[in-house]
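Written out below as structure tokens is the structure these notes cover.
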Amino acid sequence: MTASNFQKADWSLYKKIANDLANHLPCPDIENINEAYKRFTNALEIAGKRAVPTGFRKKCSPSWDNDCNVPYVKYKEATASEDIQDAATALMDHIEKKQERWMEAVSSIDFKHSSRKAWQRINLLTGCTRKKIRCLIDPNAIAKHIVQNGCFVQQFVQNHLGVPFTKTELEAALMTTQPRKAKGPNGVPNEILTNRGEALLNWLLSFVKACLAKTSFLKCGDEYQ
């Protein structure tokens, strides 16, 4: 899944394929957890290859957008020399104005004092915007839990760490993953996990619970996760 274009991915198709493949996954509570997790990542990869386009555009025209198509069509359909000249002039004027706006926006980027505004401008120019992910767990609820328990260390370990993971906790953990990051040892991009289907999420939750109950860890190469 190299060079995947996640902005043009068909996530509804991905969820449908992933949910269908989830029905053929082995039981999460098996002895060989590495084989079960390998089947899980293979299902993600198959669904991703069918729903996420890869590669790059073979033909790319900088500064070209839909507004350029109107004078370009007039230029191609014109027969008189005057009409051809007028359409060509309108097209070049439009492209030059876009280039001037681009140069003005890029030249105003300044990293001397703060990089936040600079990166905001770069993301706006490139179209790479990221929505803020709100944590599902309220900080006030965490503080209230600490106050009620009194002794944080003993009560938290005894009452919380021994409880199996919930779907809300798993979803919150998956939503904290950052997009456009390098793949981990399993070779699965973060976008594939955050846009998972409901059936795959249920399987992953059962798998995490099984690993916790058995105190087993996944092995990727020579490392454990």
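Residues Lys15, Lys76, Lys183 in ascending order of nearby Cβ atoms (within 10 Å, fewest first): Lys76, Lys183, Lys15. Would you work out which of Thr89, Val70, Met103 lies farthest towards the positive end of the dipole of the stretch 66-126, given +1 charges on the beta-carbon of Lys and Arg and -1 on that of Asp and Glu, about the Cα centre? The residue sitting farthest along the positive end of the dipole is Met103.
Which entries of Lys49/Lys98; Lys117/Lys167; Lys49/Lys183; Lys16/Lys209 have Cα-Cα distances beyond 27 Å here? Those over the limit are Lys49/Lys98; Lys117/Lys167. For Lys74 and Ala118, a Förster radius of 41 Å and the Cβ-Cβ distance give a FRET efficiency of 0.60, rounded to the nearest 0.05. For Lys8 and Asn34, FRET efficiency with R0 = 45 Å and r from the beta-carbon atoms, rounded to 0.05? Rounded to the nearest 0.05, the efficiency is 0.85. Using all pairs of distinct alpha-carbon atoms, the Kirkwood hydrodynamic radius of the stretch 66-126 works out to 13.7 angstrom. The packing ranking of peptides 108-118, 184-194, 20-30, highest mean first, is 184-194, 20-30, 108-118, where packing means the average number of other beta carbon atoms within 10 angstrom of each residue. Can you tally the net charge around Asp83? Count Lys and Arg as +1, Asp and Glu as -1, for every other residue whose Cβ sits under 14 Å from the Cβ of Asp83. Within the 14 Å Cβ shell, the charges total -1.
Listed from fewest to most Cβ neighbours within 10 Å, the set Ser206, Ser81 follows the order Ser81, Ser206.
Coordinate-derived values only; no laboratory data. Just so it is clear, the structure is predicted and the values come from calculations on it, not from any experiment. Every residue, glycine among them, receives a Cβ derived from its backbone with ideal geometry; neighbour counts consider all protein chains shown.
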